[in-house]
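No lab work stands behind these numbers, since they all come straight from the coordinates. Keep in mind that this is a model prediction, so the values were computed, not measured. Here the Cβ positions follow ideal geometry from the backbone for every residue, glycine too, while neighbour counts run over all protein chains shown.
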Amino acid sequence: MQSLMSIQDLPLQGKKVLMRVDFNVPLDKNGQIADDTRIVASLPSIRYVLQQGGSLVLMSHLGRPKGSVDAAFSLAPCAQRLSSLLNMPVKIAPDCIGEETEFLVNALQPGEIAMLENLRFHAAEEHPEEDASFARKLAELGDCYVNDAFGTAHRAHSSTVEIVKYFPGRAAVGFLMEKEIFFLSQLLQTPEHPFCVIIGGAKVSNKIGPLRALLKSVNTLLIGGGMAYTFLKAQGKAIGNSLCEMESLELAKEIIESCARNNVRLLLPIDAVVTKNVSADADSEVEGEVFPPGISDGWIGADIGPATVELFTIAIQNCKTLFWNGPMGIFEIERFSAGTKALAESVAAMQGVSVVGGGDTIAAIESFGLAPKMSHISTGGGASLEFLEFGSLPGIDAIRRQ
């Protein structure tokens, strides 16, 4: 298989560099950026192009405007934030294609930046088959192409896959993409043992593929969050009114049996913080050692309990490689955040390599102030899971095949 071309392999001086970034950032009710992590993560590639004497044309999507112009999803706030981070002007184009955009891009001088307007204002971004000319028109704006948008590399869209065919030998991945590939490939190929995986969140069905792939090399699997109750139900344990994905009970049984066959130590919650109503002011209590007898009818599991925290912490302390996707409870409500916070502190304290993926998990870790203590925080939740399942992504394969 052909090696992956890096941004450092491209001659950039005097070139217009068309770079796909992932500026799909959360906005508050006033339309202001609530978290600029993804923009900051793109800075090494952006600065490199400018330092090499190239001019830069950035393209991204934001939200789900459904193929039509919607001012609420304009990338203007992202251009403003990037301008502030770089302390230099960032021009915002009126669209991502068209005569006005071409004029703005053609006028760029080395060391200058323009940002195209939201790609998803055009339906052909998400549905390349509807208009093959869209990718070609985007490609005409650059001399070379760099994909540094790991968070969208699992989508076979015009700006991530179709566009590459217009840049034979001139398409590469950026520094962020390289970093993501390095850490996630390490989990699949050469994890140092003991290797521990923590999986949480709500749905088993969303994570069955990555779990199957990781079970080939993992030593210990910890399952918490809402999906844990599907596993506990599959074991015949009482879960009260807790979240349960009934259609995934057989998948849960498959994972349980696969762990047994592969000598993987599977740890599920042994106690839980339960509530009758998921709200900040709801009554809650800890049912110690609830499995067995289990959670009583009318109660909902909202967080792992202290005995589970201790059990999971001991497992984490001994591992050399760790991957975590999904919180342990409803961490957005403070009284149900203790389990996720305790595990985050344990992961931060471990001596090995820690890789964290998934928007909710990252939000939790950042809210606890522990993000700097992780080895790598993936910028793509869905993309990181798909990479672990398949070993690559469409946006990466497109560049590898050129």
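Think of segment 64-170 as a dipole: +1 on every Lys or Arg Cβ, -1 on every Asp or Glu Cβ, centred on the Cα centre; then among ALA71, ALA114, LEU86, LEU86 lies furthest on the positive end. For segment 275-280, 3J(HN,Hα) computed residue by residue from phi via the Karplus equation (6.51, -1.76, 1.60; θ = phi - 60°) reads 9, 8, 8, 7, 7, 5 Hz, glycine and proline entered as x. Of the residues GLY226, GLY236, GLY305, the one that moves most in a GNM of the chain with alpha-carbon contacts below 10 Å is GLY236.
For the chain, give me the percentage of DSSP beta bridges that are antiparallel, rounded to the nearest 5 percent.
Details: 9 of 48 bridges.
Here the share of antiparallel DSSP bridges comes out near 20 percent.
In a reduced charge model with +1 at each Lys and Arg Cβ and -1 at each Asp and Glu Cβ, the chain shows a dipole moment near 980 debye about its Cα centre. From most to least packed by mean Cβ count within 10 Å, the peptides 83-93, 203-213 give 203-213, 83-93. For LYS320, the aspartates and glutamates whose Cα comes closer than 20 Å to its Cα, not counting residues fewer than 8 places off in the same chain, are GLU180, GLU192, GLU310, GLU345.
So what's the angle, to the nearest 10 degrees on a 0 to 90 scale, between helix 338-349 and the longest Cα principal axis of the chain? Tilt of helix 338-349: around 70 degrees. Principal axis extents of the C-alpha atoms in the chain (largest first, rounded to whole Å): 71, 46, 39. With Cα atoms defining each centre, segment 19-73 and segment 110-160 are spaced 12 Å apart in the structure. Cross-link partners of LYS341 among lysines, defined as those whose alpha carbon lies under 16 angstrom from its own and excluding same-chain residues fewer than eight positions apart: LYS373.
Extension gain, GLU250 to ARG401, is 50.6 nm, computed as 0.36 nm per intervening residue step minus the present C-alpha separation.
With the cut-off at under 13 Å, measuring from each backbone N in segment 158-180 to a point 7 Å along the Cα-to-Cβ line of HIS127 picks out no residue. Karplus-derived 3J(HN,Hα) values for segment 372-380, using 6.51 cos²θ - 1.76 cosθ + 1.60 with θ = phi - 60°, are x, 8, 8, 5, 8, 10, 6, 7, x Hz; glycine and proline are entered as x. The shape of segment 193-351 comes out oblate: with a ≥ b ≥ c from the C-alpha gyration tensor, a/c is at least 1.5 while a/b does not beat b/c. For segment 193-351, a crude dipole built from +1 on the beta carbon of Lys and Arg and -1 on the beta carbon of Asp and Glu, taken about the Cα centre, is about 780 debye to the nearest 20.
Here's the picture: charge each Lys and Arg Cβ at +1 and each Asp and Glu Cβ at -1 in the chain, and of SER242, LEU104, TYR229 the one pushed furthest to the positive end of that dipole is LEU104.
Bridgeable aspartates and glutamates around LYS216 (alpha carbons under 12 Å apart, same-chain partners fewer than 8 residues away excluded): GLU389. Rounded to the nearest 500, the helix-only mean residue ellipticity at 222 nm of the chain stands at -10000 deg cm²/dmol, with each DSSP H run of n ≥ 4 adding -39,500 (n - 2.57).
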